[in-house]
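Worksheet: one structure, shown below.
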Amino acid sequence: MEKQQENNPKGGVRMDTKEYYDQIAKDYDNISYSGKGGITTGNEFRFRIVKDILYGLPKGKILDAGCGTGKMLVYLKENGYEASGCDFSEGMIAETRKKVGHSARLETTSLDDLSAFRDGEFDIILALGVFPYITQRSTQEASYREIWRTLRAGGTLITTHENELFDLFTLNKYTLRFFKENFGIAEKLAGSLLTNPEKPINKDKQKSGRDFIETIPENPLTYPQRLHGFENKDILYYSYHILPPLLMDDGARQLSSQIEASEGFDRHSLQAMFKCSAFISIAMKVV
Ligand SMILES: C[S@@+](CC[C@H](N)C(=O)[O-])C[C@H]1O[C@@H](n2cnc3c(N)ncnc32)[C@H](O)[C@@H]1O
């Protein structure tokens, strides 16, 4: 299992992923779905879009990998799916258990070790808001291998990712990282072109999850070629921002939410590709 930086939760630096989720497990639904934690969240929209995607697929046996506190599992159980969940955080699994009791099989395990599950056991595997936290490429690869093994031929994999192209639009330290990592432009030079190369900092109103905990974005233009053997079926953008995050006051935030909620934008458009901070990938195991 991957170990990230050891850090102090309150000190404004990033924490180890598992430790973080163990600590926030009891508050996760509040923080992550209501926005009450002050973090911009597209999770509610993600939940809705994934439900629509599932609606278009034959009902089958599902694994919710990185199930968190079990919001999706509750939905799946209520709607007649045979659903199982796994997560490497005991705290998150305990919260899920409170909601689903023993109606769903739950395993405390990391995505790169799904040995609790059989080859080809699932028709659909979900990993919602999980891959951004697997920051080592080798652990990501092992996770995709395990998903491949436990998914049946023709099965569907639904994952979500931070959108690296959004960083071009944030005009902050993540834009700096984009230019450094993709074009090798020196930090100092790229930073001098930005007004806020240090921002957001932990105390900023505009902070997002990745300011607390290390995450890794994906470039949606290259992701389909790096799908570890899965065949790309679709990419849908979500978590729409009408303005770069540093300029987002409460009004802009509300407007973004309204646009997202009204389904009033094309999730495949060029605008969405740059103005949405996350995307959903739908892929198939073709053998
Ligand atoms: C942002 S939460 C998403 C939870 C849930 N899927 C949802 O949509 O609400 C990320 C979850 O992934 C879990 N996680 C992160 N990395 C993991 C890994 N390598 N293996 C298993 N679970 C992991 C965390 O413990 C946490 O519960």
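Which ones in region 38-69 are under 30 Å from Asp204 (Cα atoms) and more than 8 Å from the ligand (Cβ to nearest atom)?
Once the filter is applied, which keeps residues that are under 30 Å from Asp204 (Cα atoms) and more than 8 Å from the ligand (Cβ to nearest atom), region 38-69 yields Gly38, Ile39, Thr40, Thr41, Gly42, Glu44, Phe45, Arg48, Ile49.
Could you tell me whether Ser277 is closer than 23 Å to Asn43 by Cβ and either in contact (Cβ under 8 Å) with a residue 12 or more places away in the chain or not hydroxyl-bearing (Ser, Thr, Tyr) (or both)? Against the criterion (closer than 23 Å to Asn43 by Cβ and either in contact (Cβ under 8 Å) with a residue 12 or more places away in the chain or not hydroxyl-bearing (Ser, Thr, Tyr) (or both)), Ser277 qualifies.
Matching residues to (1) at pLDDT below 95; (2) at positive phi:
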site	(1), (2)
Gly38	yes, yes
Asn43	yes, no
Leu57	no, no
Gly66	no, yes
Ser84	no, no
Ile93	no, no
Lys98	no, no
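The condition of being closer than 20 Å to Tyr28 by Cα and in contact with a Lys or Arg (Cβ under 7 Å, 6 or more places away or on another chain) holds for Thr160. When Ala186, Ala252 are screened for being exposed (fewer than 15 other Cβ atoms within 10 Å of the Cβ) and free of Cβ contacts under 8 Å to residues at least 24 places away in the same chain, only Ala186 passes. Of everything in region 112-140 that's β-branched (Val, Ile, Thr) and more than 23 Å from Gly60 (Cβ to Cβ), which residue is farthest from the ligand (Cβ to nearest atom)? For region 112-140, the residue satisfying everything is Thr135. Just one of the listed residues (Leu194, Leu227) is under 30 Å from Ala153 (Cα atoms) and surrounded by fewer than 18 Cβ atoms within 10 Å (Cβ to Cβ), namely Leu227.
Going through (1) within 16 Å of the ligand (Cβ to nearest atom); (2) touching a helix residue (DSSP H, G or I) at 6+ places or on another chain (Cβ under 7 Å); (3) outside any loop (DSSP other than H, G, I, E, B) one by one, Ser84 falls short only on (2).
Condition check for Tyr33 on (1) within 11 Å of the ligand (Cβ to nearest atom); (2) surrounded by 19 or more Cβ atoms within 10 Å (Cβ to Cβ): one failure, at (2). Within region 175-215, being assigned to a loop (DSSP other than H, G, I, E, B) and among the acidic types (Asp, Glu) holds for Glu198, Asp204, Glu214. Figure legend. Inter-residue proximity from region 52-64: first residues free of Cβ contacts under 8 Å to residues at least 40 places away in the same chain, second residues among the aromatic types (Phe, Trp, Tyr) and more than 13 Å from the ligand (Cβ to nearest atom), beta-carbon distance below 7 Å, spacing 6+ or different chains. Indicated pairs: Lys59/Tyr81. Taking region 255-268 as the range and being in a loop (DSSP other than H, G, I, E, B) and free of Cβ contacts under 8 Å to residues at least 12 places away in the same chain as the test, the residues that pass are Ser262, Glu263, Gly264, Asp266. Of the residues that make up region 101-112, is at least one surrounded by 20 or more Cβ atoms within 10 Å (Cβ to Cβ) and within 30 Å of His241 (Cα to Cα)? Looking through region 101-112, none of the residues is surrounded by 20 or more Cβ atoms within 10 Å (Cβ to Cβ) and within 30 Å of His241 (Cα to Cα).
Among the residues of region 152-183, those that are of a type outside the set (Ser, Thr, Tyr), in contact (Cβ under 8 Å) with a residue 40 or more places away in the chain and away from the ligand (no atom under 16 Å from the Cβ) comprise Arg152, Ala153, Gly154, Gly155, Glu164, Leu165, Phe166, Asp167, Leu168, Phe169, Leu171, Asn172. Would you pick out the residues in region 87-111 that are among the charged types (D, E, K, R) and either assigned to a helix (DSSP H, G or I) or more than 7 Å from the ligand (Cβ to nearest atom) (or both)? Glu90, Glu95, Arg97, Lys98, Lys99, Arg105, Glu107, listed by residue number.
Annotation: Lys77 fulfils all but one of (1) part of a strand (DSSP E or B); (2) closer than 25 Å to Tyr21 by Cα; (3) away from the ligand (no atom under 12 Å from the Cβ); the unmet one is (1). Contact annotation: residue pairs with Cβ atoms under 7 Å, 6 or more positions apart or on different chains, pairing a residue in region 204-232 that is touching a residue at least 40 places away in the same chain (Cβ under 8 Å) with a partner that is β-branched (Val, Ile, Thr) and assigned to a strand (DSSP E or B), are Pro220/Ile235.
The values are calculated or read from the model by the stated rules, or taken from the named source; none is laboratory data. Because the structure is predicted, anything quoted here is derived from the model rather than measured. Note that each Cβ is placed from the backbone with ideal geometry, even for glycine, and that neighbours are counted across all protein chains shown.
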